[in-house]
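**Student:** Pasting in a structure now, in structure tokens, and then I'll have a few things to ask.
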Amino acid sequence: EGQLVESGGGMVQAGGSLRLSCATSGFTFNGYTIGWFRQAPGKGREGVSALSSDTGATYYADSVKGRFTISIDSTKNTAYLQMNNLKPEDTPLYYCAIAPILYIRITTMRADDFGTWGQGTQVTVSS
């Protein structure tokens, strides 16, 4: 329930950085898992990163490990995805989403588990 609004996308050169934001309206992240997905043309939604608010469990796709960091600022009701050392392959449209579940360990991300989605923010990485 509530609304999610992504921002922070844009166009950067390979090796650059972006920070995506996911602001909430009407709720807090307490009791939820926040997820970041991305979708490129011709592909389905790919789970990029996730964080369970209360347990601190995190997930990172192998393709972004060591480069992306997910976090939540509870005082601002905003989740972030810090994206460093960006590559052209990181170019898809990015979505934040929430699931009304908590995990002590996250081994996979299933889009169907996330019931509330933002509208997406475009990331374009050029070389």
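**Student:** Go through the range 88-101 and report how many residues are in contact with a Ser or Thr (Cβ under 8 Å, 6 or more places away or on another chain) and more than 17 Å from G2 (Cβ to Cβ).
**Tutor:** Qualifying residue count for the region: 5.
**Student:** Still on this structure, I have one more. Which pairs do you get when a residue that is at positive phi, found in the range 110-127, comes within reach of a residue that is of a type in the set (D, E, K, R), reach meaning Cβ atoms under 8 angstrom, with the pair 6+ apart or on two chains?
**Tutor:** G120/E6
**Student:** Further question: Provide a single number: the residues in the range 97-127 that are within 19 Å of V12 (Cβ to Cβ) and assigned to a strand (DSSP E or B). Quick ask: steps written out before the conclusion?
**Tutor:** Keep residues of the range 97-127 that are within 19 Å of V12 (Cβ to Cβ), which gives 120-127.
Going one step further and asking which of them are assigned to a strand (DSSP E or B), we end up with 121-126.
Selection size over the range 97-127: 6.
**Student:** Also, I was wondering about something else. Determine if the range 66-84 includes at least one residue that is in contact with a Pro (Cβ under 9 Å, 6 or more places away or on another chain), in contact (Cβ under 8 Å) with a residue 40 or more places away in the chain and open to solvent by 40 Å² or more (accessible area, probe 1.4 Å).
**Tutor:** So in the range 66-84, the residues in contact with a Pro (Cβ under 9 Å, 6 or more places away or on another chain) come out as none.
No; the residues of the range 66-84 include none that is in contact with a Pro (Cβ under 9 Å, 6 or more places away or on another chain), in contact (Cβ under 8 Å) with a residue 40 or more places away in the chain and open to solvent by 40 Å² or more (accessible area, probe 1.4 Å).
**Student:** Would you be able to tell me the number of residues in the range 37-57 that are in contact with a Lys or Arg (Cβ under 6 Å, 6 or more places away or on another chain), of a type in the set (G, A, S) and open to solvent by 20 Å² or more (accessible area, probe 1.4 Å)?
**Tutor:** Matching residues across the range 37-57 total 0.
**Student:** Taking the stated definitions as given, is T116 closer than 23 Å to G2 by Cβ and touching a Pro at 6+ places or on another chain (Cβ under 9 Å)? Full working, then the answer.
**Tutor:** Values: closer than 23 Å to G2 by Cβ: yes; touching a Pro at 6+ places or on another chain (Cβ under 9 Å): yes.
Taking the combined requirement at face value, the residue satisfies it.
**Student:** Give the residue that is surrounded by the fewest Cβ atoms within 10 Å (Cβ to Cβ), with candidates limited to residues of the range 93-118 that are farther than 18 Å from T28 by Cα and modelled with pLDDT of 95 or more.
**Tutor:** So the residue we want is L93.
**Student:** Of the residues that make up the range 62-75, is at least one assigned to a strand (DSSP E or B) and among the charged types (D, E, K, R)? Walk me through it before giving the result.
**Tutor:** Going residue by residue through the range 62-75, those that are assigned to a strand (DSSP E or B) are 68-73.
Now restrict to residues that are among the charged types (D, E, K, R): 73.
Yes, the conditions are met somewhere in the range 62-75.
The values are calculated or read from the model by the stated rules, or taken from the named source; none is laboratory data. This one's a predicted model, so the numbers in the text were calculated from it and none came from an experiment. Note: ideal-geometry Cβ built from the backbone for every residue, glycine included; neighbour counts use all protein chains shown. Protein only, heavy atoms only, side chains kept; ligands, DNA and RNA dropped before computing areas. Shrake-Rupley method; radii C 1.70, N 1.55, O 1.52, S 1.80 Å.
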